[in-house]
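Only one structure is covered here, and it is reproduced in the block below.
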Amino acid sequence: MKKLTIEEAINREFPLDKSYAEREAMFVGIEWQKEKSYDLMQQYAEFCIECNRIKLPVLSARSWYKHLNNIK
């Protein structure tokens, strides 16, 4: 099965007869999610490096994320 590009997937879900606003909102949402995911991965990597530096055990990504959300 061929993977779709983001644009192909949006075109499939929101054909060109749909409003421009709906299609644009989908693109913006996907870009926001990609940036958020990248930021979280970068934060987790920095956390792991710091734990290694001070000789602490590293939390799993899932545990770290739960802990992070409880702090905010």
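Quick notes on this structure:
- Beta carbons closer than 9 Å, at least 6 apart along the sequence or on distinct chains, pair a first residue in the stretch 4-30 that is touching a residue at least 12 places away in the same chain (Cβ under 8 Å) with a second that is open to solvent by less than 60 Å² (accessible area, probe 1.4 Å) and in a loop (DSSP other than H, G, I, E, B) for R23/F14; M26/F14.
- Applying a threshold of 8 Å to beta carbon distances and a minimum spacing of six or more residues, or different chains, the list of pairs starting in the stretch 53-69 at a residue that is closer than 19 Å to K36 by Cβ and ending at one that is among the hydroxyl-bearing types (S, T, Y) and in a helix (DSSP H, G or I) reads A61/Y44; W64/Y44; Y65/Y44.
- Selection within the stretch 8-40 - closer than 21 Å to Y65 by Cα and touching a helix residue (DSSP H, G or I) at 6+ places or on another chain (Cβ under 6 Å): I30
The values are calculated or read from the model by the stated rules, or taken from the named source; none is laboratory data. The structure presented is a predicted model; accordingly, all values stated were derived computationally and were not measured. Cβ sites come from the backbone with ideal geometry, for glycine too, and all protein chains shown count toward neighbours. When the accessible area is computed, the model is the full protein with side chains, heavy atoms only, and any ligands, DNA or RNA have been set aside. Shrake-Rupley method; radii C 1.70, N 1.55, O 1.52, S 1.80 Å.
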